[in-house]
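Below is one structure, written out as C-alpha cells, with a few remarks after it.
The values are calculated or read from the model by the stated rules, or taken from the named source; none is laboratory data. Keep in mind that what you see is a predicted model, and the values were worked out from it rather than measured. Here Cβ is always computed from backbone atoms with ideal geometry, including for glycine, and neighbour counts include all displayed protein chains.
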Amino acid sequence: MIPKYRKQFNEEFSSEKYDQLQSILKEKSGLLPTFRLSESPIFLTQQFKEKLVSASESIIDQIKNFPEGTLENSIPENCKVPNDTKQPHFFTIDFGICRNENGKIEPQLIELQAFPSLYAFQNVYEDTFCEVYPFLNQLRNNISDEDYQKHLYELIVGKENPENVILLEIYPEKQKTAIDFALTEKLLGIKTVCLTKVKKQGNQLFYEHNGKLIRIKRIYNRVIFDELDKIPDLKTEFNFREEADVEWVTHPNWFFKISKYILPLLKHEFVPKSYFLHEFPENESLENFVLKPLFSFAGSGVNLNPTKEITDAILDKENYILQRKVNYEPIFEDINGDFSRAEIRLLYIWKENEERPILLQNLSRMTKAAMVNVDFNKKDAIWIGSSHAFFGEE
C-alpha cells in the first residue's frame, strides 16, 4: 500500500537477512519461535491507520456504553472465576485488510479479545526488523522501548515485587508462544510458572524457586481457562473457580466477555454484520456468512461455507455466530510477483482506574490461503506467517 517502501524492502531482501532476523530473535530470547515468521513486514498508510484507530475507538465507546450486565451471560457457568474486575487489562482487535465495493482498501473487523497477545515479542520483533533493515527506523512505533517497558511494568507488575508476580500458563514450554514468555521474563523480571506447579495454602497461592516457596500476589494470566477441561488427567492444586487472595492481569472472565459474543451487538461501517445462530434472520443467505463457535481459539471450528444442513445439526445454536464474509485483498507483493493477504491486530493495554485503553503496538499475519492463522499455506510459500505493520506516508 506504500509502493516506495515495498519496492525498497523487496530490493534489500535476501534469504540471508531472513536467517539473520531469526538468529537475532533467538539471541535476544534464548529461543527460536515455533510459529512461522513472515519474511516481510507489511506497509500501511497513516490514513489506513486512522481508519483502524477510529473504528477501534468507536468499538471501545460502544462496549463502555453497554447496559450493566450485558456481558455476564457470555461466561459459561463452569468457567466463572470469582473476584471479577470492572474492566480488562488487555484489549486486542483484529481487522482484515479488505477491498470494499468501491475498490478502496479498508479494514473489516474480524475478532476482538480481552486477552494478552504477544506484547513482549512484538516490540522486540519490530526492533529486529529495524536492525536488519535500517530504513525501517523512520517508520517505527513512536513509543520508545523505555516507555513501552514502563507501560507493561505498571500494568502487569504494578506495585508488587516482581518475584511475587508470575506469568501463568499450562505447560508453558510446549506453547507456541514460549518465545513471548521468555522475553516477558527479561522485560519485567517475573517468572513463568506452569499451573501444575502452583501450590495453594488456605486461600494463598505459591510457587517454588530454589527450594523456597514464594507467595503469588499477582497473576499475568495466559491460560485459556475453557481449554483446561480438554487436557486429560490434569492435576492441579489450584482451581480457577476457587477463591484465592490474588490479583488477576487480566481476569479470566474477560476472555469470554470481550469475544465473538459481542460481535452481533456492534455497529460500524468497518464491522461486518453478525448474528447469533439462533437469531439468524430468514431474509439473509448463509452463503454470505462464516460460521464461528463462540468459544474457540486461533481459528479452530470456523466454517467458511456453512450450509443449512450444518447449522440445523448444531444443538447449542446460542454458542455460535454467523459473521458476514469479508474478502481479504491480496495486495502485499513478494519478490516473485505473487501477492499475500494480511490481517492486523491492534494491541491495547487498559490500566486499572483509567477511562480508556492505550494503543501500544500491533502485530500482523500474512497468508496466501483462504484463512489467516490456519496452516493452509503451501510449504514453499513466502510472505506468510507472523509479521508486523509499519505505517508511513505515501
Inset, instruction - Out of Thr236, Thr250, report the one residue that is of a type in the set (Ser, Thr, Tyr), surrounded by 20 or more Cβ atoms within 10 Å (Cβ to Cβ) and over 21 Å from Tyr328 (Cα atoms). - result: Thr250
Inset, instruction - Kindly indicate which of Glu131, Glu101, Glu111, Glu68 is part of a loop (DSSP other than H, G, I, E, B), acidic (Asp, Glu) and under 29 Å from Ile331 (Cβ atoms). - result: Glu101
Legend entry - Subset of the stretch 195-209 (residues that are part of a strand (DSSP E or B) and touching an Asp or Glu at 6+ places or on another chain (Cβ under 6 Å)): Lys199, Lys200, Gln204
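Restricting to the stretch 27-41, name every residue that is in a helix (DSSP H, G or I) and surrounded by 13 or more Cβ atoms within 10 Å (Cβ to Cβ).
Within the stretch 27-41, Lys28, Ser29 qualify.
Scan the stretch 81-98 for residues that are part of a loop (DSSP other than H, G, I, E, B), under 22 Å from the mean Cα position of the chain (by Cα) and more than 15 Å from Ile349 (Cα to Cα) and jot them down.
Across the stretch 81-98, the qualifying residues are Val81, Asp84.
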Legend entry - Glu163 being assigned to a helix (DSSP H, G or I), in contact with a His (Cβ under 8 Å, 6 or more places away or on another chain) and charged (D, E, K, R): yes
Inset, instruction - Filter the stretch 46-103 for residues that are in contact with a strand residue (DSSP E or B) (Cβ under 8 Å, 6 or more places away or on another chain), within 30 Å of Phe240 (Cα to Cα) and at pLDDT below 95 and give the result. - result: Val81, Asn83, Thr85
Inset, instruction - Could you pull out every one of the strands (runs of 3 or more DSSP E) wholly within the stretch 254-345 that has 2 or more residues that are over 18 Å from the mean Cα position of the chain (by Cα) and of a type in the set (Phe, Trp, Tyr)? - result: 274-276
Legend entry - Scope the stretch 1-16; condition touching a residue at least 40 places away in the same chain (Cβ under 8 Å) and either surrounded by 15 or more Cβ atoms within 10 Å (Cβ to Cβ) or polar (S, T, N, Q) (or both); matching residues: Met1, Ile2, Tyr5, Arg6, Gln8, Phe9, Asn10, Phe13
Inset, instruction - Check off (1) at negative phi; (2) over 23 Å from the mean Cα position of the chain (by Cα) for Gly69 and give me the number that stays unchecked. - result: (1)
